[in-house]
Structure formats: C-alpha cells, structure tokens
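K.L.:
This is the structure, below, for whatever I ask next.
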There are 2 protein chains.
Amino acid sequence: MIHTHQTAPTQFVEANGIRFAYRCFGKTGGVPLVFNQHFTGTMDYWDPAVTDGFASEREVILFNNAGVSSSSGEVPTSFEQMGRNAAAFIKALGLQQVDVLGFSIGGCVAQEIALAEPNLVRRLILLGTGPRSGEGMAGGTPEGNQIFGATYAEPDHLWLSVFFTPSQASQAAGRAFLKRFRLRTKDRDPEVNEKVALAQRAAIAKWAAPRERPYDYLKAIQQPTLVVNGSNDVIIYTMNSFILQQNLPNAQLIIYPGSHHQYPELFVRHASIFLSGAEGREYLSFENGRPFATSGRPSYAKLRN
Amino acid sequence: MIHTHQTAPTQFVEANGIRFAYRCFGKTGGVPLVFNQHFTGTMDYWDPAVTDGFASEREVILFNNAGVSSSSGEVPTSFEQMGRNAAAFIKALGLQQVDVLGFSIGGCVAQEIALAEPNLVRRLILLGTGPRSGEGMAGGTPEGNQIFGATYAEPDHLWLSVFFTPSQASQAAGRAFLKRFRLRTKDRDPEVNEKVALAQRAAIAKWAAPRERPYDYLKAIQQPTLVVNGSNDVIIYTMNSFILQQNLPNAQLIIYPGSHHQYPELFVRHASIFLSGAEGREYLSFENGRPFATSGRPSYAKLRN
C-alpha cells in the first residue's frame, strides 16, 4: 500500500531517552525531507497539499519533537535542545543525510539542526520564520498576541487568522486548508497541552532576546537554503525572511503576495526545483561574495509610506 | 526559418514620430513578452540564455526605446515619457496585450507603461530595479559610481562588475555570459553615445528624487508582478526589490544568492511559472489584504550586523 498524509501510520523510534512519534510516506530512494512543526502543532497540522505534494517526488518524514503530542519526554525550553533532539531522532532512523524543512518555530529548530549537525543536513527550507533576535520576535508581535489570545467558534479557526490574511482570497484558501487538515480521521495526534505552549514560549523568549551581532551565527549555515514567506506575515514579520536571506551565505528568498499558505502547489513546485538536482547544483557552487558596503548602506527607515 | 536571439533580423516600425528598431522571435500565439533594457544597453545586451529560454514557450520582443542605438528620435529625460514611447511602440505592432519585463532602468520604464496603459499590460516582471525615490538611487550608489567610472581592458568587462558579484562562481558565470553576449556577430546594434547616457541619467535623477509618500503610486499597479533580484545588487540596492514587493498590491519576490545573472535557466523557469496559466491564475484572485499594522511596525535599522 502506498501511504499518504491521511493513511501513513504513526510509528515510534527511541533516541535520547525519548520515544519519538513519526510518519513516513512518499517516494523512497532519495534524500528524505524532514518537517519541523510550528508552535503547538502536531503532525496533523501540516497541509496535506504540501506534504503529499512533496511525497510524489521524495520521502516525507513528519514527527513530533520531544514532549509534543504522541512523543514522550519534556519539551525543552530552547530551540538548541530541540534541534539536538531532532538530530537524534533523524539518526535513530538510520539516516545519514536529510533535507530539513522548518515552519515558524520549526524554522528556528531547523537552523539549530544545521548548526549542530552540519553533515546531517543537505538543504534547508525555512518557512515563515526568522533569525535569533529577529524583528518583533521578543514577546511576540501585537497582532500575533491578539490572534493567539482571542477565542474562536471552532478551535481550529485560529489558524485562519494565523496562517492567512483577512483578504477574501486568503480566507477562501484558509477554509480549503481546514477541510484538508480535517481529512485524516483515524490515528490523529492528541492535541498538545498548556505545558507544551509554555515551554515553547520560553524557547521563543530565549531565541528572540536582543544580543550583540545577532545574525553572525547565520554565516555558519553553509547549506543551500530556501527562505519562504507571505508578504504580510504578522506572526513573525516578513522582514525576518529578508534578513535571513541577506545574512545566510547561500540562500534564495521567495515571498508570495499575502500568505504563503495560499499557494501550496506553487510552493511545492518552487521548493521541489530548489531541492532537486538540476538547478540545485548551481547553488552549491555559490558564495555570497560581495560584502555589504558600509559606505553605501541604505537606511531601512522608510519601507512603507 | 525559426529565429533565435542570434538570427532574428532587426525590423522597424513607426510610432510617435519615432522609427523603433525591434526583433521578434519565439513561439507565437500567446501573449508576447516585451523586454525593456538597462542603462545604455541595446537589444544585443540581453542574455541569449534568458531571451531564447523564454522563446521556447512564448514570443519575445526586444526593442530599442526612442533615441537608443538603431531607433531614431531623442532619449527623453523621464521614464514617464519613455513609458509612453514604449506603449506607442507596442501598439504600433498591433498588439492589444503584452507581458512586460524591465531590467534596471528598464524596470522603471516597465512600471510607467503599466501606469500609463494598464489594459495593455497583463503581467509585469521587474528585474534588478526599484521604486521612485528608492534607497540609494539618487545620485547612484557609491559602488555603482565607482564601477561605471572605472576603465576596463575590454569595454564589455564593465558588465562583469555591474551584473555579477566578485565571487568566483559569479565571475565564472559572468565570463560565460560575455561569451553568449558576443555570439551574435551580424546585424548587431550600434553602441549608444554619451548623449543617451546623459538623458538616461537625467531620468534617473527625476525618478530617484525624494518625495512625499513615494511608494503610494505602486498601489495603482494592479497587474500580477514578479520582482527578481540578486542578494547583493550594488547598482540598485536589493532592498528596493523588497520595497517593491511590499508596496505592490499583487507581487511575488524572488531573490537569488549573489547576482540573478548567475541563474539564467532558473530565472526563466521561475518567470515562466509566473507567466504561465496554471499557477498564474492564483495571483489574479489575490488582494494584498492586511494593511501593515502601525503598532507592530518593526524598525529596519539593523538589517545587517
């Protein structure tokens, strides 16, 4: 039987004293793509249009990191430790090299995996995320705090505000996403509890804290990286995706109008071009050569009128 | 005979009292793609890997705007007037709708075409360009002024510094570009004279001058737009591509590591996805819905350490 997002059984593997829950599906034989999930999300929270989209060309691995939902253990209070747990999980599967995708706080974890285990990671996809000390990340954005603090008729309607913009087109795409999101009915992950949210918030606070030369660490991430966002991300400001691209040695940036969730097929197509061999090889030979000239450095005071 | 970048004959058409030189090649029957050239460039300055790349799927139209090289008339001292001349040229070909690509100052002209003749333009590709009053555009960047002011062993080596970064990979891509660039030996365009450069500089000065709420005019460009640049454009700072994307109502941004000229095949692939029907239709239904929240507006002071 060929498994999909909806049918792939939840499996378990032990590493670092943690029993990790995971699901695998898609075309085997190449470099698998490991997905790192957003704040309070489980394996069920990925968009099947994205996961099954990738699965037609490569093996997709979803998992819950330590302490999240069906995985045992405690959620660490740093992305660094979450990255180490994720790397232990990947190695416990017997894998020597993977591509890593991280969304939102999963993108912070993905960066930490690449830093801790550079040889384990071939390419990186950073989706709707930001760098350490990113713009508006400390304490969360006012918009994000309002959205996460509100109550919703159906709990999962929260994601219509988190993932999509208020435009008619974006909300229509959001309702289609929620339908796909609810399609898996058997073997769903248990929802996370408040303890998970608290630990993840503590990790965000550490990551977001102001520090000297906060973006220097990005120079150590040598992997070809694709940075993706929508134009109006109010949870982690879109500016942070531009900052990632400008400071990573070898990164491509794609920003979609509105929310990137509106374009699952287009995103999969762009990301597949990035991950696949032909054009991908160009990235490998690249160095982000010219240092940003201090003399000509523009001010960024007036991005908008 | 099927024509290519190298073999397409230079043809002429009259409009606005100007005899426009142009070349057409590629697959006919769809919406043609009209190319608007950079500072002091002629039709010969396009990368054949790009023009022939597009030509496999669509009709490509190169032309010299008024007063440039083989076209008659005077170069106007505003992009607005260059845009009107370009629109007159397009209509003189009997075309009712085209896609418009503009590179560098050609991107300024492309914006003016869309503003002056919104019904003439289906989609827009803005390559290595910026908005009115863009960052570092007034008086040119220090790096750009140094590069354009220097002398070179071969005159066309200038473009190795303008189009490519100093990295080994980028310079190798630059040398390959120069080889392609020199391949057309018959029926080449005459080089432009100093008068052309002066008039184009005057147009840049008007465009770049500081003004109140400089980006408001972008709201009037409703066409689906693809904005593309390299990560370290020192002629028109890369930040300007991000500003375009953030202020255009319906724009996608792609930034490549280094210079976008390093990736002609990848650029053609991305731009073809954008121009072609399937995914393209998504853009048409989009509104850049959520206004940028003033409360959460980040400061852009620290893009780099």
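The values are calculated or read from the model by the stated rules, or taken from the named source; none is laboratory data. The structure displayed is predicted, hence computed values, not measured ones. Note that each Cβ is placed from the backbone with ideal geometry, even for glycine, and that neighbours are counted across all protein chains shown. Quick note on the areas: whole protein, heavy atoms, side chains included, nothing else; ligands and nucleic acids left out. Shrake-Rupley method; radii C 1.70, N 1.55, O 1.52, S 1.80 Å.
Residue-by-condition table, conditions (1) surrounded by fewer than 22 Cβ atoms within 10 Å (Cβ to Cβ); (2) more than 17 Å from A:A138 (Cβ to Cβ):
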{"site": "A:R188", "(1), (2)": "yes, yes"}
{"site": "A:E191", "(1), (2)": "yes, yes"}
{"site": "A:V196", "(1), (2)": "yes, yes"}
{"site": "A:R201", "(1), (2)": "yes, no"}
{"site": "A:A205", "(1), (2)": "yes, no"}
{"site": "A:A220", "(1), (2)": "yes, yes"}
{"site": "A:V227", "(1), (2)": "no, yes"}
{"site": "A:S231", "(1), (2)": "no, yes"}
{"site": "A:Q245", "(1), (2)": "no, yes"}
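K.L.:
With respect to B:P48, determine if the residue is under 17 Å from B:T185 (Cβ atoms), more than 20 Å from the chain's Cα centre (by Cα) and at pLDDT 95 or above.
P.N.:
no
K.L.:
Would you please name the residue that is nearest to the other protein chains (Cβ to nearest Cβ), looking only at residues in segment B:141-161 that are assigned to a loop (DSSP other than H, G, I, E, B) and not hydroxyl-bearing (S, T, Y)?
P.N.:
It comes out as B:A150.
K.L.:
Taking segment A:104-122, which residues are touching a helix residue (DSSP H, G or I) at 6+ places or on another chain (Cβ under 7 Å) and open to solvent by 40 Å² or more (accessible area, probe 1.4 Å)?
P.N.:
A:L115, A:A116, A:E117
K.L.:
Same structure again: Can you pull out every residue in segment A:162-186 that is within 10 Å of chain B (Cβ to nearest Cβ) and surrounded by 13 or more Cβ atoms within 10 Å (Cβ to Cβ)?
P.N.:
Listed by number, the residues that qualify are A:F164, A:T165, A:P166, A:S167, A:A169, A:S170, A:Q171, A:A172, A:A173.
K.L.:
Of the residues in segment A:225-246, how many are at the interface with chain B (Cβ under 7 Å from one of its Cβ atoms) and in contact (Cβ under 8 Å) with a residue 60 or more places away in the chain?
P.N.:
Number of matching residues: 5.
K.L.:
What are the pairs, 6+ residues apart or on separate chains, where a residue within segment A:44-57 that is without any contact (Cβ under 8 Å) to a residue 40 or more places away in the chain has its Cβ under 8 Å from a residue that is surrounded by 21 or more Cβ atoms within 10 Å (Cβ to Cβ)?
P.N.:
Within 8 Å, the pairs are A:S56/A:G26.
K.L.:
Which number in (1) on the phi > 0 side of the Ramachandran plot; (2) surrounded by 16 or more Cβ atoms within 10 Å (Cβ to Cβ) marks the one condition that A:I125 misses?
P.N.:
In the conditions (1) on the phi > 0 side of the Ramachandran plot; (2) surrounded by 16 or more Cβ atoms within 10 Å (Cβ to Cβ), A:I125 misses (1) alone.
K.L.:
Give the residues of segment A:1-42 that are surrounded by fewer than 16 Cβ atoms within 10 Å (Cβ to Cβ) and in contact with a Ser or Thr (Cβ under 6 Å, 6 or more places away or on another chain), sorted by residue number.
P.N.:
Result: A:R19, single match.
K.L.:
Please find, within segment A:43-55, the residue that is surrounded by the fewest Cβ atoms within 10 Å (Cβ to Cβ) out of those that are aromatic (F, W, Y) and in a helix (DSSP H, G or I).
P.N.:
A:Y45
K.L.:
Another question, if that's okay. Give me a count of the residues in segment A:118-138 that are of a type in the set (V, I, T) and within 12 Å of the chain's Cα centre (by Cα).
P.N.:
2
K.L.:
I'd like the full set of residues that are more than 30 Å from A:E74 (Cβ to Cβ) and in contact with a helix residue (DSSP H, G or I) (Cβ under 6 Å, 6 or more places away or on another chain), limited to segment A:2-36.
P.N.:
A:T4, A:G26, listed by residue number.
K.L.:
Which one of the conditions (1) part of a loop (DSSP other than H, G, I, E, B); (2) within 26 Å of B:V75 (Cβ to Cβ); (3) not charged (D, E, K, R) does B:F177 fail to meet, given that it meets all the rest?
P.N.:
The number of the failed condition is (1).
K.L.:
Sticking with this one: Between a residue in segment B:134-163 that is more than 17 Å from B:Y237 (Cα to Cα) and any residue that is open to solvent by 60 Å² or more (accessible area, probe 1.4 Å), which pairs come within a Cβ distance under 6 Å, given they are 6 or more apart or on different chains?
P.N.:
Every condition considered, the pairs that remain are B:L158/B:Y152.
K.L.:
For residues that are among the small types (G, A, S) and surrounded by fewer than 24 Cβ atoms within 10 Å (Cβ to Cβ), tally how many sit in segment A:89-103.
P.N.:
2
K.L.:
For segment B:249-263, give me each residue that is more than 8 Å from chain A (Cβ to nearest Cβ) and either open to solvent by less than 10 Å² (accessible area, probe 1.4 Å) or assigned to a loop (DSSP other than H, G, I, E, B) (or both).
P.N.:
Correct list: B:S259 only.
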